[in-house]
Structure formats: structure tokens, C-alpha cells
Amino acid sequence: MTFKLNRSLILLVVACFSWMLISCQNNTANSTTNPIVNDDSLVETPTEDPPTPPPATLIICLSEEPGSLYPYGDSSQSSKAIREAIFDGPYDTLSYEPQAVILEKMPSFETGDVSLKSISVSEGDLVLSDNAPRTLEEGISIRPSGCLAEDCELIYTGGEIEMDLLEVQFTLLPELLWSDGKDLTAGDSVYAFDLASHPDTPIGKAKINRTSSYLAIDDLTVEWTGIPGYLDPNYADNFWAPMPEHLWGALSPADLLTSDISTQFPIGWGAYMVEEWNPGQSILLSKNSNYFRSNEGYPYFDTLVYRFVGQDADKSIDSILSSECDLLGASLSLMEETSRLVELQDTGELFTSFSSGNYWEVLDLGIHPASYDDGYSLFYGDRPDYFGDVRVRQAIASCLDRQKVVDDFYFGQSTVLDSYLSPQHPLFNANINQYPFDTEKGMVLLEQAGWVLGEDNKRTASGIEGIQEGTILELDYWTTAGFMNLRRKAAEKFAANLTSCGIQVNLEILSTDELYAKAPDGPLFGRQYEMVQYPWQIGQTPPCNLYLSSGIPGNPFSTLSQVPFLFDTLIDSDPKSEAFPWGWGGWNTSGYVNPAYDAACSSALNKIPGMPDYENDHMLAQEIFAEDLPVIPLYLSIKVAAAREDICNFTLDATANSDLWNIEEIAYGVHCETD
């Protein structure tokens with residue numbers, strides 16, 4: 001309305017001024033009538049309100065206040081959410097792949113930024129041995145140049161030997177600036193690496209310890225070199241986010257953990273910079289005029305306000321409806337109010353964003369419990385070998401209505417799995433065996449395996465080698481309650497599914513401490529269970545290693561000859577190997593053994609992206625897994641966030657460092673309108 005009045009006032013002034021000019025003209029021959037004054041048909045009268053300019057501030061509500069904004073000082077979700085606005089990258093990991101932000105591109109063999117060359121090493125050099133950095137000395141095992149598997153490893157006996165060396169170059173975008181206007185260079189990334197390497201900096205050093213050098217080649221280029229023998233499948237991540245040496249260089253690594261200049265007011269190259277921190281309440285950020293994407297129109301808002309509102313999901317949702325918050329991150333544990341969020345989205349009162357999480361639920365089957373390690377014998381009290389026949393495992397997968405659990409308890413937002421990989425993963429094999437809910441198929445498989453259904457709806461063994469005739473197919477199913485009792489609810493559904501297939505189930509809910517108790521006494525890692533449901537994490541590298549025979553937990557003093565039932569397929573190929581190289585620290589709790597799977601997975605893990613057959617080996621490992629089903633993959637975890645109803649460009653991702661990975665693009669109102 002104000003715009004209309006102002007425009008009307010302008011038109012009136014123009015009209016009066018024009019009338020005065022006309023009245024003062026002595027020469028009327030060449031005069032024309034001012035259309036704004038005399039021709040009402042040509043006056044443009046606005047009939048609709050013009051678009052309302054967007055508010056200058058976006059209010060983001062977080063569950064907790066960060067302890068620090070220093071990248072090496074706080075890894076909480078709230079700190080990450082705020083740092084996304086300050087640092088923007090240097091790369092974003094989306095759908096399990098890194099995407100360049102302030103780099104020209106992610107390095108690869110194809111682009112020429114990655115090279116693998118042979119280098120001469122000798123005694124005293126740092127090399128990779130048995131997957132750990134070690135000083136080269138006589139008696140340790142190493143992989144000579146060109147060796148990509150254990151079968152070609154050798155024992156070092158002195159002198160010079162050739163090993164493979166991986167080098168990766170990263171190139172920054174040109175003309176990047178810190179928010180104070182100073183040039184951002186490759187040297188700032190090297191400075192960040194040096195800080196990360198310092199013993200006073202409290203972060204993990206695994207990657208650093210496997211780094212031979214990290215050098216600035218020029219103002220825009222950094223080169224990472226691994227130690228000889230280290231082939232890192234995630235080499236594209238080996239770029240350390242720059243830090244402002246011109247401001248922080250005078251401070252020690254220990255001082256940076258407490259100094260205001262690094263913990264409360266760090267400068268970055270991102271869309272915003274910190275202006276004010278009100279302890280216990282909020283942090284205010286303002287637009288960075290030196291942001292490298294400013295010419296694209298980003299960011300949309302002049303200021304950001306991060307408010308700290310606690311973990312009460314219901315109150316947090318109310319704060320959006322009352323306009324106290326514009327956006328709620330997934331860190332607020334909104335899952336407990338998902339039904340309310342869905343209803344509010346359906347009525348158009350807010351926007352809800354869902355994403356799969358980076359955990360997958362698995363139903364682990366005790367194929368070879370620890371009691372079998374000295375040989376399988378019912379006479380000595382071993383429980384029946386329920387899962388030795390792959391048809392039983394396939395039947396269990398077919399009998400489980402996993403999609404129903406996803407629909408009922410995860411609002412249809414999760415994904416049923418066929419592998420240990422999400423379908424979003426770039427290495428997911430879409431052509432593997434799938435096991436949709438099919439009770440009839442499951443029952444046929446059980447009959448074929450010798451488990452006959454009686455009139456009492458119970459299945460008993462009939463003609464199954466190694467199992468006493470008439471043994472009832474009755475399985476113990478253990479799990480934990482899980483967040484909001486979701487795992488318990490899912491297990492109850494699955495137990496009912498299995499009962500419908502004639503499998504008797506004894507469901508027991510254990511505490512987390514009980515289930516994950518240390519081996520050999522703990523039920524899971526001590527391999528003393530029949531069926532267990534629990535979560536595993538998914539990362540960039542496909543986790544086929546979870547089911548390698550070398551990862552089976554067990555007595556580290558055993559040898560293959562002492563555990564013939566478990567490892568009889570491996571005795572001929574490697575009779576001197578330890579049966580349990582990781583001891584009770586192993587992770588393949590099902591006891592699954594398949595030499596073909598071991599070969600495919602090991603071959604894949606011994607290569608890096610860009611090498612021949614890297615993808616094919618990972619595809620083959622999934623194919624064997626989906627046929628054998630050492631465990632039943634269930635579904636992915638989910639994340640949920642909420643925002644005002646007219647929000648746009650707010651997208652959760654399973655593998656992003658933060659929910660606000662693209663904070664500069666998030667907008668609402670007129671900024672969301674498209675032509």
C-alpha cells in the first residue's frame with residue numbers, strides 16, 4: 001500500500017509540473033499534450049500489490065549451542081551447521097561422492113590429477129605394512145610395486161626395493177578471498193595440515209600418519225603424497241580446509257583451542273561471517289561481501305541468526321508456526337514428531353525435508369556360532385545348524401515385509417535394501433538378487449530345505465543332514481529397543497512375518513550394554529546368537545569388508561586346522577594362516593565364509609577409484625552377497641528437518657557434513673519463484 005501512495009504522489013507532482021509548463025508556453029504550435037496529465041487511458045494504475053521484498057534475516061534454530069567454531073575444536077552438529085556458513089566446503093560429500101566447492105574439480109586419474117608411480121625405499125623409510133605405517137626394517141611384510149593383494153606380499157630382507165607411491169594434486173579456484181579481503185592461497189591449506197598434524201590439536205591422526213608430504217606447489221595448487229604402499233580409496237578427500245595463517249599464525253595450536261579469534265569469531269571464505277555471539281541464546285552472522293559466489297546472487301539473506309532452543313521437538317515445531325524460527329535442523333531429533341510434521345506439511349503449514357541416513361539396519365544370522373569352531377556336533381550340545389543352507393536365509397528374507405515396516409514406522413521415507421549399499425551409492429549394483437515380500441516363495445524355499453510345515457503351523461526337520469529328525473525350526477531373535485522403540489516395533493513385525501511362514505520366533509529385547517558386550521562373552525561379538533538386529537554405518541567405501549572371513553571374531557590362538565568346520569574351504573589354499581587374525585576384535589559376527597566373496601571384496605579393497613576392475617570387483621562382491629545373504633539387509637535410517645512452508649533449496653543428504661551444506665542457496669518467499 002505504501003508503494004501505491006508513493007507512486008500516486010509522484011504522478012500528481014509530475015502532472016502539476018507538466019500543467020505549469022504548458023501554461024507558461026507562449027508558442028503553442030509545437031506543444032503536445034502530456035499524456036500523463038490529459039489522457040487517462042494511458043495512465044498505468046497498479047491493480048495488484050508488488051512483491052514484498054524478502055526479510056533480511058534467516059532464523060535457524062539448533063538444539064544446542066556449540067562449544068567452539070574452531071574446525072579442530074568442536075565436531076558437534078551445531079558447530080558444523082554454523083561453520084557451513086563461514087567456510088563453505090572446501091568440498092561437499094553428496095550421495096557418497098565428494099563434490100568440488102572451492103576446488104576447480106575433484107582429482108582423478110582421468111583428469112590427470114592423480115598418479116601412481118614406483119619409488120625406491122630402503123631401511124628406515126616410513127612405509128605401509130599390514131595396513132599400518134611402520135618404519136621399514138627386516139622382517140616386516142610389504143607390498144612391492146605392482147602388488148595389490150596379500151598373495152604377492154613379501155618379507156623385507158634389506159636393501160632397496162620398489163613400492164607404489166600415490167600422489168594427488170588439488171587446485172583452488174582463482175581469486176578466492178578470506179572474508180577480511182586477504183588472498184586465500186594453497187599455503188593456507190598447508191598451514192591447516194600443519195595444525196592438524198600438531199600433537200596439541202585433538203583430532204585423529206590416521207590420515208596424517210599415512211601422509212608422506214603435503215606441499216603448496218604454487219599459490220593455487222596443493223600436492224598430497226601418501227607413504228609408500230598406501231593406496232587410499234578416498235584420495236579425493238585428502239585436501240585440508242584452509243585456515244587463515246595471516247591471522248592465526250602467531251598463535252600456537254594449543255592457543256587456537258581457546259582464543260576468541262578462532263573459537264568465536266573465525267573468519268572464512270564462505271557466505272557469512274560471525275558478528276555477535278550471545279552465550280546461551282544466539283549467534284549472529286552477516287553477509288560476506290568477499291564471498292566468491294556473490295556474482296551469482298548468493299547468499300540470499302543479509303544476516304543469519306542461529307538460535308539455541310533445546311531438544312523439545314514439539315516446541316521447536318511451534319516456533320516455526322509462530323515465526324520464531326524459519327528452519328529446524330535434523331539435529332533436533334524431530335523423528336519423534338514425524339507424524340505431526342507430515343500432517344502440517346499436508347495442510348501447507350510448514351515444509352518437511354526427509355533424507356535417508358548413513359546407517360542401515362541389518363538382521364544378522366548366526367551361520368557359524370563360536371561353538372562350532374572346534375567342530376559341529378549335536379552330541380556335544382551345539383545348536384542345530386539352522387542357517388547353513390542358503391535357501392533358509394533366502395526364505396527368511398522373502399518372509400520379511402520390510403516395506404511395511406518402512407511405511408508404518410518411517411512414513412515411507414526410508415529405503416528397503418538389497419545390499420550393504422544404499423541405492424544412491426555410485427557403486428550400487430542394481431542387478432543383484434532381490435527379495436521382495438513373498439510369503440509363498442519363502443515357504444517353498446523352506447520346504448525345499450527340508451523344513452516341513454505341520455498342522456500346528458510349526459516347521460520340523462525332515463531329512464536334513466546334521467539335524468535331528470523332527471527338530472522344530474524355532475529361532476531366538478535379539479535386538480535393542482532403539483530410538484523411540486522403532487527397532488523393537490520393527491522386530492515385532494518381523495517376528496510376526498516369520499511366524500506366518502511357520503518359523504517360531506522368541507523375541508527378546510536386550511539393553512545396548514548386553515548386546516554389545518565384549519567378546520568372547522558378549523552375545524553379538526562373541527558369536528553366541530541365532531538372529532540379531534542392529535545398525536551398521538555406510539561410508540564412501542563400500543563395506544564389503546564386514547563379511548570377509550578374516551574378520552570373523554574368535555580365539556586368536558586357533559589355527560585353521562583346529563576349526564575345520566568353519567574354515568574347511570580355506571585349508572588347501574592357506575593352511576598356515578591364523579583362523580582369526582583379528583582375534584575377538586573381529587566384526588564378521590555371522591561367521592560367513594565364501595572364498596569367492598573374499599576374493600572379489602579383497603580385490604576391490606586393494607584398488608582405488610580409477611584403477612582397472614575397481615568397480616567390477618565391488619559389483620561382483622555385492623552379487624555374491626545378495627545370493628548368499630550372510631545377513632538380511634533391512635532398510636536405511638532416515639533424517640528429518642522442518643522449515644517454514646515457503647522455503648526452497650533446503651535439501652538433506654545422507655552423507656553431507658551438515659544439514660545446511662548449501663546454506664548460501666537456501667531461501668524463501670520471492671527468491672523461490674521461478675520464471
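Structure summary
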{"quantity": "Charge-dipole axis of the chain as Lys and Arg at +1 and Asp and Glu at -1 on Cβ define it, positive-most pick from GLN311, LEU215, TYR298", "calculated": "GLN311"}
{"quantity": "Summed residue charge, Cβ within 11 Å of TRP536's Cβ, Lys/Arg positive, Asp/Glu negative", "calculated": "-2"}
{"quantity": "Rg/Rg_ref, the stretch 580-675, where Rg_ref = 2.2 N^0.38 Å and atoms are Cα", "calculated": "1.71"}
{"quantity": "Stretchable slack from LEU284 to ASP613, in nm (0.36 nm times residue separation minus alpha-carbon distance)", "calculated": "113.4 nm"}
{"quantity": "From phi via Karplus (6.51, -1.76, 1.60), per-residue ³J(HN,Hα) for the stretch 517-532 in Hz, x at Gly/Pro", "calculated": "4, 4, 6, x, 7, x, x, 7, 7, x, 6, 10, 8, 10, 9, 9"}
{"quantity": "R0 of 22 Å, Cβ-Cβ distance GLU138-GLU162: FRET efficiency to nearest 0.05", "calculated": "0.80"}
{"quantity": "Nonlocal amide H pairs with ILE638, under 5 Å, H built at 1.01 Å", "calculated": "GLY357"}
{"quantity": "Environment charge at TYR156 (Cβ cut-off 11 Å; Lys +1, Arg +1, Asp -1, Glu -1)", "calculated": "-4"}
{"quantity": "Highest-first arrangement of 348-357, 449-458, where packing means the average Cβ count within 10 Å", "calculated": "348-357, 449-458"}
{"quantity": "Rounded to 10°, Cα long-axis angle of helix 390-399 versus longest principal axis of the chain", "calculated": "40"}
{"quantity": "Structure-derived Kirkwood radius over Cα pairs in Å: which label, when the choices are (i) 30.4; (ii) 27.9; (iii) 29.4", "calculated": "(iii)"}
{"quantity": "Residue-wise HN-Hα coupling along the stretch 307-319, computed from phi with Karplus coefficients 6.51, -1.76, 1.60 (Hz; x: Gly, Pro)", "calculated": "9, 10, 10, x, 9, 6, 5, 4, 5, 5, 5, 4, 5"}
{"quantity": "Difference of contour (0.36 nm per residue) and Cα-Cα distance, LYS458 to MET484", "calculated": "6.1 nm"}
{"quantity": "Zero-based 5 Å bins, Cα pair distances in the stretch 279-327, whole percents", "calculated": "5, 17, 21, 17, 14, 12, 10, 3"}
{"quantity": "Rounded percent of accessible protein surface that carbon and sulfur make up, the chain, 1.4 Å probe", "calculated": "49"}
{"quantity": "Cut-off under 5 Å, modelled amide H: who pairs with GLU97 long-range", "calculated": "none"}
{"quantity": "Where a label projected 7 Å from the Cα of LEU215 along Cα→Cβ would reach, residues of the stretch 187-203 with amide N under 18 Å", "calculated": "187-194"}
{"quantity": "At R0 = 41 Å, FRET efficiency that the Cβ-Cβ distance of ALA596 and SER500 yields, to 0.05", "calculated": "0.75"}
{"quantity": "log₁₀ of I(q)/I(0) at q = 0.17 Å⁻¹ - the stretch 197-332, Debye sum with one point per alpha carbon", "calculated": "-1.16"}
{"quantity": "HN-Hα J in Hz across the stretch 499-508 - Karplus 6.51, -1.76, 1.60, θ = phi - 60°, x for Gly and Pro", "calculated": "4, 5, 8, x, 8, 7, 10, 10, 7, 9"}
{"quantity": "Inter-label distance for ALA430 and THR347, nm, one decimal - labels placed 7 Å from Cα along Cα-to-Cβ", "calculated": "3.9"}
{"quantity": "Entries of LYS182/LYS207; LYS441/LYS493; LYS80/LYS404 with Cα pairs more than 27 Å apart", "calculated": "LYS182/LYS207; LYS80/LYS404"}
{"quantity": "Total charge dipole magnitude, the chain, about the Cα centre, Cβ charges on Lys, Arg, Asp, Glu only, Debye to nearest 20", "calculated": "800"}
{"quantity": "DSSP bridge orientation in the chain - percent antiparallel, rounded to nearest 5", "calculated": "80"}
{"quantity": "For TYR477, distant residues with modelled amide H under 5 Å away", "calculated": "ASN506, LEU507, GLU508"}
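The values are calculated or read from the model by the stated rules, or taken from the named source; none is laboratory data. Bear in mind that the values here come from a model prediction, so they are computed numbers and not experimental data. So basically every Cβ, Gly included, is an ideal-geometry build from the backbone, and we count neighbours across all protein chains shown. These area figures cover heavy atoms from the full protein model, side chains too; ligands, DNA and RNA do not enter into them. Shrake-Rupley method; radii C 1.70, N 1.55, O 1.52, S 1.80 Å.
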